[in-house]
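Novice: What follows is a structure written as structure tokens; I'll ask about it next.
No value in this document is a laboratory result; all are computed from the given coordinates. These figures come from a predicted structure and were not determined experimentally. Virtual Cβ from ideal backbone geometry, glycine too; neighbours counted across all protein chains shown.
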């Protein structure tokens, strides 16, 4: 039963991935689309912020679709023939689109501080069962907080850099346009990768 449901969901996502690409592409290119619509600067940021929440969900679906495709690739013997439009260029588009849409609304969130705070409080909370010394609890909290925060700070900085680059209007709009093109081509059984292969010797 669970396996049948997994197969059904995977097949549905892969078969309809062109729609995910088109909708996600429109959301990724929303900055350009809103500009072309002549919306004022004040309203533009508000509209894009609202669209980014919906885009976050589409981004997660895009990444899940890659997993669904890889699952079918491993389980369906004639995958290449049956899902010819789900090629490497489709996986690349879905992957980049997913990251762009997911990172856009959360690029300013400092996960390092949140994780460190949570672990620090957890450590101090566990110690409450063994001591009532506020000084000791405060020291344990500070040690845990600083140790965890400093150890993951480099990863947080890298994540913020990647998020800033991918959520920039140039990258976001370019990704959106490519994904829209890829999705539209798939309707006709074509892909960007397939077209490129035609011109290679």
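Novice: Going by how many other Cβ atoms sit within 10 Å of their own, how do 140, 100 line up, fewest first?
Specialist: 140, 100
Novice: On to the next question. Kindly rank 66-77, 169-180 from highest to lowest mean number of other beta carbons found within 10 Å of each residue.
Specialist: 169-180, 66-77
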